[in-house]
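*Asks:* Below you will find the structure I want to go over with you.
What follows is calculated from the coordinates using simple rules that are stated; it is not laboratory data. Predicted model, so just to flag it, every value in this text is computed and none were measured. All Cβ positions, even for glycine, are placed from backbone atoms using ideal geometry, and neighbour counts span all protein chains on display.
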Amino acid sequence: MPKTSRIDLAKHSVGFGRDGALSLLPDTRPPPRVDGLSVGVAVMDRPAPHAGERHLDGDELLYLIAGRATVLLERPEGEERFELAAGEACVVPRALWHRVIPNGRMTLLYATPGPNTERRPLPER
């Protein structure tokens, strides 16, 4: 049986492969995608450096640990916005473009399917 150790999810994401095996992922932003599920924590006080993302392999779970955030979903019938407060979660449906906008400093736990994620670049200034 492997040794159990502590993991700081704000520094390292973990990947759950489709076979259920867990691996510690390199400390990069954005975290690397795995063929399975990436789980980690993002501490943010400004939006991610992209104009939206979507995950083609499945639904994404977002759980706000601390702070407040606005979640923007680009649905076929138009943009949907809603607020998340600490202790609240939402599910972003598969392949739906979305963004998370922090309202001050926030801590967000994510469970993101992979490996197929698309991101739109920010407009050039």
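*Asks:* Starting from the Cα-Cα distance between Ala85 and Leu24, subtract it from 0.36 nm times their residue separation and give me the gain in nm to one decimal.
*Replies:* Result: 19.1 nm gained on full extension.
*Asks:* Tell me, how many Å apart are the Cα centres for the range 40-63 and for the range 96-118?
*Replies:* 1
*Asks:* With springs connecting C-alpha atoms under 10 Å apart, model the chain as a Gaussian network and identify which of Asp59, Asp19, Asp45 has the largest mean-square fluctuation.
*Replies:* Evaluated over the chain, the most mobile residue of the options is Asp19.
*Asks:* So, one more: Please name whichever of Ser38, Asn116, Ala95 sits farthest to the positive end of the charge dipole of the chain, dipole taken about the Cα centre and charges placed at Cβ: Lys and Arg +1, Asp and Glu -1.
*Replies:* Ser38
*Asks:* Restrict the search to the range 7-43; then list the trypsin sites (Lys or Arg not before Pro) that DSSP places in a loop and that have at most 14 other Cβ atoms within 10 Å of their Cβ.
*Replies:* Within the range 7-43, the qualifying trypsin sites (Lys or Arg not before Pro) (loop, at most 14 other Cβ atoms within 10 Å) are Lys11, Arg18.
*Asks:* Relative contact order for the range 34-119: what percent, with Cα pairs under 8 Å and sequence separation of 6 or more?
*Replies:* With pairs under 8 Å counted, the relative contact order is 51 percent.
*Asks:* About its Cα centre, what dipole magnitude does the chain give when the only charges are +1 on Lys and Arg Cβ and -1 on Asp and Glu Cβ, stated in debye to the nearest 20?
*Replies:* Its charge dipole is roughly 400 debye.
*Asks:* Still on this model: For the chain, list log₁₀ I(q)/I(0) at each q in 0.14, 0.18 Å⁻¹, using the Debye formula over Cα point scatterers of equal strength and ignoring solvent, two decimals each.
*Replies:* Relative scattering, expressed as log10 I(q)/I(0), comes to -0.61, -1.00.
*Asks:* For the chain, with a Gaussian network of springs between Cα atoms less than 10 Å apart, report the residue from Ser23, Ser38, Ser13 with the top mean-square fluctuation.
*Replies:* For the chain, modelled as a Gaussian network with Cα springs under 10 Å, the answer is Ser23.
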